[in-house]
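Here's the structure we're looking at; comments come further down.
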Amino acid sequence: MHSRSQAEEGVRSTAATTLDKDDLIVITGAGGFIAGALTRYFHEQGFKRLRAVDKKPLPAWYQRVPGVENLSMDLSDPEACTRAVAGAREVYNLAADMGGMGFIERFRIECLRSVLINTHMIEAAYRAGVERFFFSSSACAYNVELQKDPDVRALKESDAYPAMAERGYGWEKLMSEMFCEEYWSERGLKTYIARFHNVYGPYGTWDGGREKAPAALSRKVIEAQDSGDLEITIWGDGTQTRSFMYIDDCVLGVDMIMHCDDLIATPINLGSSDLISINDLVSLIEDIASVVLTRHYDLDAPRGVAGRNSDNTFILDVLGWEPDTPLRQGLAQTYAWIEQQYADRKAGRPTPAGTATASPLAH
C-alpha cells in the first residue's frame, strides 16, 4: 500500500527541500538537451556541487553551466561510471545514444547499446552508496500495438505490458526500467523512472538527423523563408499524432518525481496530454512565423507509430501536477531560439546543438 500521496498532503518535495546545497548531484548526458537543461535548473536552484558528464568533447556540449564540474567520458565503460558517481548523493542518468524518429528507426543497434550505460551506471551508483538514482525512460517503451491509430487512446503506465516496445530504443528503455525495479527490490537502491513523451525547447538538437519534430519543422520553415522557396517536406502523411512537452515542465517534473517516495521503482508518464497532428503542428509553426508553405509528403520517410499520447491520471493523482506549458507558447520560444541559431551559423558562429557530427541523417 502506498502512503498518502504528495498531492493529498499538499506538499511537493524537490531537491531544494530535500538536499543540502553542498550535496553532490551527478547528471549524465549533460552535453545534450534535457540533461543540459537539468544541470542549469539545479544550478539556478543554488546547488554548489554539480557534476555534469557526457561523452561529447566539451566544445560540442549544447550548453555549459558556469561553476559546474564538466567531465567528458564514455559511460559505456564501467570505470568511467565509477568515476562519474564518486561521492554523489543523487544521480540523474539521462545519457543515451538517441535522437528523433529518423535516428531511432535507422540506428537501432546504437540505441540498444545504451543498455551498457544504464547497467554500468546503476551498479556504480549502488556501490558508491548513492541515495537516489533517476533513469530517463521513454514512451517508446509502450506496446506499439496500442499506437496504430492517429486518434489514439492515451497511454497509461500499465500499457507497457504485455511488452511490444519500439524496436531497438524502446526495448532498451524497458530493459533498463527492469534494472531500476530490481535494484530497489533486491538491493534497496531508491530508483525513479520517468517515461518522457517528446520533449522540445531551446538548446535542443535542431538539425543533423537527431532532432525531433518541433525542431525539425521549425528549421524547415526558417530555411524556406530564408531561401524564398516556400515549400516544406513532411515525413509521412502528416496525420501522425503526438503530444509535446516543453523542457521547463520536463526538468521540474524530473525533480518532483525523484523526490516522491510513492514513486520508488515505479515508472510514470512525464509528458503533455495535449494531442496534435503533425499537420496541425506545421500550421502552428507557420502561424508563429507568419508564413504559409506548400506541403509535400515523403511517404517513405520514418514516421514512427500512428499516434501516441500521455495519460496523466497517475501523475496528477500522485503529484497533483502535470506538464502544462501551452504548445504555442513553448513553440514560439523554441522557434525564436532556432531562428537565432540559424542566423549564427550563417554568420560563422559556433552552434553546437545544430552541428551534425554523429549521424549522416538529415531531415
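Table for the structure above
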| read-out | value |
| --- | --- |
| Strands (runs of 3 or more DSSP E) (entirely within the stretch 261-320) containing at least 2 residues that are buried (at least 19 other Cβ atoms within 10 Å of the Cβ) and within 21 Å of the chain's Cα centre (by Cα) | 268-270 |
| Pairs where the first residue, in the stretch 199-220, is in contact (Cβ under 8 Å) with a residue 24 or more places away in the chain and the second is among the acidic types (Asp, Glu) and in a loop (DSSP other than H, G, I, E, B), C-beta under 6 Å, 6+ apart | THR205/GLU211; ARG219/ASP207 |
| Any hit, the stretch 152-159, residues being of a type in the set (Lys, Arg) and surrounded by fewer than 24 Cβ atoms within 10 Å (Cβ to Cβ) | yes |
| Among (1) within 17 Å of ILE117 (Cβ to Cβ); (2) without any contact (Cβ under 8 Å) to a residue 40 or more places away in the chain, the one test that ILE34 misses | (2) |
| Residue that is nearest to the chain's Cα centre (by Cα), among those in the stretch 160-178 that are surrounded by fewer than 18 Cβ atoms within 10 Å (Cβ to Cβ) and in a helix (DSSP H, G or I) | MET175 |
| Residues within the stretch 189-213 that are among the small types (Gly, Ala, Ser) and out of contact with any strand residue (DSSP E or B) (no Cβ under 8 Å at 6 or more places or on another chain), tallied | 3 |
| Residue count, the stretch 321-343 (criterion: touching a Lys or Arg at 6+ places or on another chain (Cβ under 8 Å) and outside any helix (DSSP H, G or I)) | 1 |
| Test: residue in the stretch 198-214 that is surrounded by fewer than 19 Cβ atoms within 10 Å (Cβ to Cβ) and over 22 Å from ALA306 (Cα atoms) | no |
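Readers should treat all values here as calculations from the given coordinates under stated rules, not as data from a laboratory. Predicted model, so just to flag it, every value in this text is computed and none were measured. Reconstructed Cβ throughout: ideal geometry from the backbone, glycine too, with neighbour counts over all protein chains shown.
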